[in-house]
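To start, the structure under review is shown below, and the notes come after it.
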Amino acid sequence: MSTMKSQHRPPSFKLNPAAVRERAKGIPSCQEIPGQGEFVISFLVMMPRNDVNGNHHDVSQQQQVSTPARVNVFVDSGTIGTCRVMNGTVRQSFRKNVNSLDVLERLLRHPEGPMEINESLIGLTDDDDEEENHPERRTTDDMIAQRLSSPTTIQKELELADVGLAILQGEREKLEKHLRQLGQDDSTTTLSQSKSTTSPMSTRSGYGDSRHPQHEDTDGRGRDESSVASSTSESSIHGCEFHFKLPVDVMKQVDQCLRDIAKMDKIVKNVATNGRGTVFLYGNGGVAYTPSIPKALYQKLRQLRSSSYASRPSFVALGTRDRYYVAFNDGTADWKGPHALDKILKKCLASDKLPRSVAFGSTYDTFFVVFHDGSWQYQGRGIPETLEEKLASRDDRADLVSLNLGPSGEWFLKAENGRMWWSGITQDLDSVLSKILKEGYLHSMDFGENGSYFVTYENE
């Protein structure tokens, strides 16, 4: 008998929008730019100049307070973007994973990036400054507040920031065109089938940083390993590492993928495996894969060599029996799975809101979908009882980031607060995780046939 659960709640945010706006109100030099959407709050910040030694002084002339910055707060991801112009050149910097309002306030009071802006590009005048007629000195915050109260001044600052963003976009397009002309096709890596047996090999690659200090193991029982021949390997770069166990005839293919990605100095963003085949998503739309992935997916990925960024994958999941799911940057998706999954994914496509993750279980009809807002739904005879128990113990909360299932009852669950749970794993993998958790931070794990797995983590 199949089972199904689902639950929905409003989208969650790493930074509470109301709290962000409340903090900004207490900063005289900061004013919100309306109409940026649900997930982005933009502010215009006027910064006082510093002297050559970096010391800040109160000033009595308004022309000395003429350094604007546009700060974009992405409340869903906690990313803070700061845009400035210096000597006619746009500079934009980003601070990721900000979840502290104190840090946010500091970045709004003192935006990161270049401190000087070309006065001729700004084009602001101080002809209407009446403060010169007053003998008393005013504080910098008072003058900034007055400057931001002028609609004309605000409009000029917004136009400046928009011009800067346009320049950045133009420079990016020029660079992309130049790379295409050089013929540097580093977006798709395919490997021919290899039947040779290899020894464990050391590899190096990158992975996006996401620290999660809390981990929890559910159901400490370890599953016995299969007797299939396999090999383990590790890879690392800048402290971010992989540990994986795969059949020996697949190890060389995976190792070559990781070496190629490392040579291109790209960051791995998503890894999916079913034991026989593995797919890596890296860089700005790049994909590398071994030949034994599901045939339909293999043909789909082969067509990406000359495609645009919009047509490239943003997420991929693999299952046994040729099941797969792949989402693309243009909002489309492709998959093979049970009929019940077809209905769910077609509804997602119709609403233009693709799932956060899709996982395939031990039977063909078993799947688990995490939707865009953290709610979820599953179905199938192969859903592990320990997973159902964990979901129930959390009151079926709709706060999931991802969930992976394995062909032998394994599962790995990650929530929005950084907590992770897992069960049904082999004794070998349990020992590996114990060592990882003593020394660093676990990011994710995926499972394949015959006790194979792929773990991503970070050392302290």
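Laboratory data are not the source of any read-out in this text; all were calculated from the coordinates shown. This is a predicted model, so every value here is computed, not measured. Because the Cβ atoms are built from the backbone with ideal geometry, glycine has one as well, and the counts that use them run over all protein chains shown.
Structure notes:
- Other residues within the sphere of radius under 10 Å centred on the Cβ of GLU32, judged by their own Cβ, net out at +2 (K and R +1, D and E -1).
- Under the Karplus curve 6.51 cos²θ - 1.76 cosθ + 1.60, θ = phi - 60°, whole-Hz ³J(HN,Hα) for the range 98-105, x wherever Gly or Pro sits: 8, 10, 10, 5, 5, 5, 4, 4
- Among 286-293, 346-353, 413-420, sorting by the average number of other beta carbon atoms lying within 10 angstrom of each residue, highest first, gives 286-293, 413-420, 346-353.
- Neighbour counting of Cβ atoms within 10 Å sorts the residues LYS96, LYS300, fewest neighbours leading, into LYS96, LYS300.
- Approximate spin-label separation ILE27-ASP396, in nm, with each point projected 7 Å along Cα-to-Cβ: 4.2 nm
- With the simple model of a label 7 Å out from the Cα in the direction of the Cβ, GLN427 to ASP102 spans 4.7 nm.
- Measuring r between the beta carbons of SER434 and ASN284 and using R0 = 45 Å, the FRET efficiency lands at 0.80.
- Modelled label positions at THR363 and ALA350, each set 7 Å beyond Cα in the direction of Cβ, lie 2.7 nm from each other.
- The Cβ shell under 9 Å around PHE360 holds other residues with a net charge of +2, Lys and Arg each +1, Asp and Glu each -1.
- Backbone N within the range 360-388 under 20 Å of label point (7 Å from ASP322 Cα along the Cβ vector): 360-367
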